[in-house]
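Working notes for the structure below.
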2 protein chains.
Amino acid sequence: MSLGAEPTGEATGKGLSKKRDPERTRKRILKAAKVEFAKYGLGGARVDRVAARSKANKRMIYHYFGSKEQLFQAVVEEAYLSIRVAEQKLNLDEVEPEEAIRQLVVFTWRYYLKHPEFLTLVNSENLHRGRHLKKSARVKEVHSDYVEMVRGILKRGERSGVFRRGVDPIQFNITVAAIGYYYLTNRFTSSIIYDLDMVAADALDRRLAFNLDTIMRLLKPDSR
Amino acid sequence: MSLGAEPTGEATGKGLSKKRDPERTRKRILKAAKVEFAKYGLGGARVDRVAARSKANKRMIYHYFGSKEQLFQAVVEEAYLSIRVAEQKLNLDEVEPEEAIRQLVVFTWRYYLKHPEFLTLVNSENLHRGRHLKKSARVKEVHSDYVEMVRGILKRGERSGVFRRGVDPIQFNITVAAIGYYYLTNRFTSSIIYDLDMVAADALDRRLAFNLDTIMRLLKPDSR
DNA sequence: GATATAACCATCTAGTTAGTGAATTGTCGA
DNA sequence: TCGACAATTCACTAACTAGATGGTTATATC
């Protein structure tokens with residue numbers, strides 16, 4: 001071990017060290033806040049619970065984030081950055097257009113399934129008219145890349161004749177997100193209304209299949 | 001006037017009467033609560049603000065609704081009943097299938113646009129895992145009619161050959177809702193991310209057109 | 001027109017809530 | 001080794017919040 005000169009206590013930082021680690025503390029708070037805000041929304045969230053959950057002191061929260069709202073802002077920003085980072089890893093530029101779109105739909109669906117807190121956080125932020133996200137500069141940049149990637153896939157498909165022409169990439173993006181997002185965020189009320197278990201494994205599979213079908217039909221060239 | 005024996009004071013109840021009108025008071029509270037919950041969510045809503053907005057006394061709120069949660073429940077239930085009532089007025093059984101579906105998509109879109117509070121209330125209820133709606137029996141019944149109507153339209157379209165076979169009416173319903181709903185509830189964050197005004201009149205028109213197109217392509221028979 | 005019932009109101013309260021003040025302790029560069 | 005600064009702790013508070021209380025007034029019924 002040793003090689004002593006390690007400055008960051010990360011390598012050793014396991015159990016009972018009472019050492020200080022501001023970065024870790026900050027991240028612990030942020031993570032706890034994500035859980036809290038995702039569960040209760042901005043209005044229903046309690047700073048005390050975030051403190052308890054993160055095993056930090058409430059004073060620390062205000063030290064690192066300033067206010068409840070700024071903490072929420074940090075959480076929302078991080079949530080958006082995370083999904084964009086995940087999207088970038090997709091790298092669909094090498095994949096043939098139809099398969100690329102299929103992967104896009106599946107990825108989006110799986111991301112929502114794996115990160116349900118993303119959905120509720122986005123809903124909360126929109127309840128508050130996007131006023132927190134508006135303050136983030138980084139989020140915009142990262143996203144435009146994504147639209148461009150989709151635009152590229154559609155263009156390639158048009159050229160090779162597997163997709164029809166003139167599909168707006170932004171409308172298309174929104175639609176891909178919508179058909180997965182709506183099903184999952186509203187699964188509770190929909191389950192009641194349709195008297196169905198919407199999150200049963202086979203129900204989820206059927207929805208994904210339906211969505212893939214919807215999207216492919218949307219892109220299919222008009223038959224003559 | 002007179003014909004004295006009118007028991008309910010409704011007919012006269014106009015302006016400056018300090019008369020009692022329990023039904024009206026109840027409705028005033030419910031309406032104010034809808035605005036409050038739609039704006040702030042369950043956690044962020046304040047009973048005092050509902051009292052002020054409804055010009056009723058807080059005592060009245062607890063008299064008619066029992067608790068903040070029960071008030072929320074009443075608001076959510078009413079919101080669901082309202083949209084179902086509106087849907088029933090559509091009466092698309094006489095309309096030819098393609099036109100009926102078109103009207104369905106347009107209706108859904110316009111309803112969301114005209115009743116933005118419906119969207120946020122549904123989101124809030126889902127944040128709370130549907131636990132309030134679960135208590136409402138009336139909502140379920142009303143809805144199954146709607147699914148049946150859509151099922152009927154799809155069936156007629158299949159028979160006349162304008163729609164392909166095997167489209168699940170529930171998945172279809174969810175999709176029709178999703179592509180409008182998502183665009184509108186997430187308009188704030190999407191506007192930021194895409195750097196677009198999503199609620200400009202022409203943007204709304206373009207979205208509706210895109211959605212109509214998406215839905216019609218979803219139903220179009222496979223070409224041979 | 002007496003009485004019971006329910007609508008209505010102003011005010012109180014016990015428990016929370018976001019946010020602070022001030023002192024303590026660890027860390028790191030000089 | 002020392003001093004400065006950052007991380008951390010704990011106790012505190014002013015404002016707020018859901019809900020309760022006790023009393024008043026309109027209305028329906030006999």
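The values are calculated or read from the model by the stated rules, or taken from the named source; none is laboratory data. The structure displayed is predicted, hence computed values, not measured ones. Virtual Cβ from ideal backbone geometry, glycine too; neighbours counted across all protein chains shown. Just so you know, the surface numbers come from the protein's heavy atoms only, side chains and all, with ligands and any DNA or RNA stripped out. Shrake-Rupley method; radii C 1.70, N 1.55, O 1.52, S 1.80 Å.
From the list B:GLU141, B:GLU87, B:GLU158, the one residue that fits, being more than 16 Å from DNA strand C (Cβ to nearest atom), free of Cβ contacts under 8 Å to residues at least 24 places away in the same chain and over 17 Å from A:SER191 (Cα atoms), is B:GLU158.
Considering region A:41-79, the residues that are of a type in the set (S, T, N, Q) and near DNA strand D (Cβ under 10 Å from one of its atoms) include one that is surrounded by the most Cβ atoms within 10 Å (Cβ to Cβ), namely A:SER54. Could you tell me how many of the residues in region B:125-138 are touching a residue at least 60 places away in the same chain (Cβ under 8 Å) and more than 19 Å from B:VAL85 (Cβ to Cβ)? Of the residues in region B:125-138, 4 are touching a residue at least 60 places away in the same chain (Cβ under 8 Å) and more than 19 Å from B:VAL85 (Cβ to Cβ). Within region B:193-224, being in contact with a Ser or Thr (Cβ under 8 Å, 6 or more places away or on another chain), at the interface with chain A (Cβ under 8 Å from one of its Cβ atoms) and among the hydrophobic types (A, V, I, L, M, F, W, C) holds for B:LEU196, B:PHE210, B:LEU218.
Any chance region A:113-124 includes a residue that's more than 29 Å from A:LEU204 (Cα to Cα) and in contact (Cβ under 8 Å) with a residue 60 or more places away in the chain? Checking region A:113-124: not a single residue is more than 29 Å from A:LEU204 (Cα to Cα) and in contact (Cβ under 8 Å) with a residue 60 or more places away in the chain.
Would you call B:PHE37 among the aromatic types (Phe, Trp, Tyr) and within 14 Å of another protein chain (Cβ to nearest Cβ)? Yes, satisfied. Within region B:84-98, restricting attention to residues that are at pLDDT 95 or above and open to solvent by less than 60 Å² (accessible area, probe 1.4 Å), the residue that is farthest from DNA strand D (Cβ to nearest atom) is B:PRO97. Total residues in region A:90-138 satisfying the condition of being within 12 Å of the chain's Cα centre (by Cα), closer than 27 Å to B:LEU42 by Cβ and within 14 Å of chain B (Cβ to nearest Cβ): the figure is 9.
In region B:40-54, the count of residues that are assigned to a helix (DSSP H, G or I) and of a type in the set (S, T, N, Q) is one or more. The residues of region B:157-166 that are surrounded by fewer than 18 Cβ atoms within 10 Å (Cβ to Cβ) and touching a helix residue (DSSP H, G or I) at 6+ places or on another chain (Cβ under 6 Å), listed by number, are B:VAL162, B:ARG165. In region A:71-84, the residues that are within 10 Å of chain B (Cβ to nearest Cβ) form Cβ pairs under 9 Å with partners that are within 16 Å of DNA strand C (Cβ to nearest atom) and polar (S, T, N, Q), at six or more places apart or across chains, as follows: A:VAL76/A:SER124.
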